[in-house]
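**Q** Before I ask anything, let me first share the structure, which is written out below as structure tokens.
The values are calculated or read from the model by the stated rules, or taken from the named source; none is laboratory data. What you see is a predicted model, and the numbers here were worked out from it, not measured in a lab. Virtual Cβ from ideal backbone geometry, glycine too; neighbours counted across all protein chains shown.
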Amino acid sequence: MISVAKTHSEQKIHTPRARSIREIVFGVNDGLVSITGLIVGVTASRMSSHHILLAGLAAVMAATVAMGLGAYLSTAAQNEYFMSERHRELREVHEVPDEERLEVEGIYRAQGFSHDLVKSLTEHITADKERWVDFMMKEELGIMLENLDNAWVSAGIMALAVIVGSIPPIAPYIIIPNPHVAIIWAVALAMLTAFGLGTAKALVAKTSWWKSGMQFVVVAAIAVVVGITAGHILSRII
């Protein structure tokens, strides 16, 4: 029982943190890659530094709002699904308690408990319907409602992460008036940030920092190549 309580405690501590890390990495990488690709693309299309900066800032605003709202909607949809599953389990506990009780016994039996202990644990769990439903949510569906994410917090984290990721490629155009010089700094900062982001992710996940860093660099490099290619093509067409 101690190990079960410990696992439950660890899930409460680590699961929300893991989700926040996911949103931060996703948001920063999206802002970095998308804005880098756009910036180098419009630079390659021979736009003026002023227009490049306007395009970049507009893209940052659009990406921030889009990703933030996307995080809000996806989190809200997830929470609604979890709550609907709880309502379903609660209904089944009231309508078909014998079947649900057999499911509880099956779960404990699969965990290796003896016949007598299975009966005792089942009686304890099913004595309270709220506890019974919470047990079914966790053990049958893998859902812990106390770990539901706040949709607005998720949206805020995502939006802020996108802004942070957008700074490295766009900052040189604010400081350096020559777009041909600014693009060099923008690409360099983007690659450095991508490698740093990959390294940070590896430290949290306890994986190879070098491999993870290079994976993020490759993704950013692809955005640069696509942006430059698209910029040159569009400059000839338009």
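**Q** Among the residues of the stretch 73-102, write down those that are within 20 Å of Glu146 (Cβ to Cβ) and exposed (fewer than 12 other Cβ atoms within 10 Å of the Cβ).
**A** Residues satisfying the conditions are Ala77, Glu80, Tyr81, Ser84, His87.
**Q** Quick one: Ala62 ticks every box in (1) in contact with a helix residue (DSSP H, G or I) (Cβ under 9 Å, 6 or more places away or on another chain); (2) more than 19 Å from Ala200 (Cβ to Cβ) except a single one, so which number is it?
**A** Here Ala62 meets the rest and fails (1).
**Q** Inside the stretch 18-65, can you point out the residues that are modelled with pLDDT under 90, part of a helix (DSSP H, G or I) and of a type in the set (D, E, K, R)?
**A** Arg19, Arg22, Glu23
**Q** When the stretch 51-65 is examined, which residues are found to be free of Cβ contacts under 8 Å to residues at least 24 places away in the same chain and loosely packed, with under 15 Cβ neighbours inside 10 Å?
**A** Within the stretch 51-65, His51, Leu54, Ala58, Met61, Ala62 meet the criteria.
**Q** Tell me which helices (runs of 4 or more DSSP H) are completely within the stretch 125-224 and hold 3 or more residues being of a type outside the set (Gly, Ala, Ser) and within 23 Å of Ala58 (Cβ to Cβ), or say none if there are none.
**A** By residue number, 151-175, 179-205.
**Q** Of all residues in the stretch 130-158, which are more than 20 Å from Val25 (Cα to Cα) and exposed (fewer than 14 other Cβ atoms within 10 Å of the Cβ)?
**A** Across the stretch 130-158, the qualifying residues are Glu130, Arg131, Leu141, Gly142, Glu146.
**Q** How about the stretch 103-119: which of its residues are surrounded by 12 or more Cβ atoms within 10 Å (Cβ to Cβ) and either in contact with a strand residue (DSSP E or B) (Cβ under 7 Å, 6 or more places away or on another chain) or part of a helix (DSSP H, G or I) (or both)?
**A** Within the stretch 103-119, Glu103, Val104, Glu105, Gly106, Ile107, Tyr108, Arg109, Leu117, Val118, Lys119 meet the criteria.
**Q** With over 18 Å from the mean Cα position of the chain (by Cα) and within 17 Å of Gly37 (Cα to Cα) as the only criterion, which of Ala194, Ala171 stands out?
**A** Working: Ala194 fails: over 18 Å from the mean Cα position of the chain (by Cα).
Residue meeting the stated conditions: Ala171.
**Q** For the stretch 75-91, how many residues meet the condition of being in contact (Cβ under 8 Å) with a residue 40 or more places away in the chain and not hydrophobic (A, V, I, L, M, F, W, C)? So that I can check it myself, show each step before the final result.
**A** Taking the stretch 75-91 first, the residues in contact (Cβ under 8 Å) with a residue 40 or more places away in the chain are 75-76, 78-79, 82-83, 85-86, 89-90.
Right, trim to not hydrophobic (A, V, I, L, M, F, W, C) and you get 75, 78-79, 85-86, 89.
Counting residues in the stretch 75-91 that are in contact (Cβ under 8 Å) with a residue 40 or more places away in the chain and not hydrophobic (A, V, I, L, M, F, W, C) gives 6.
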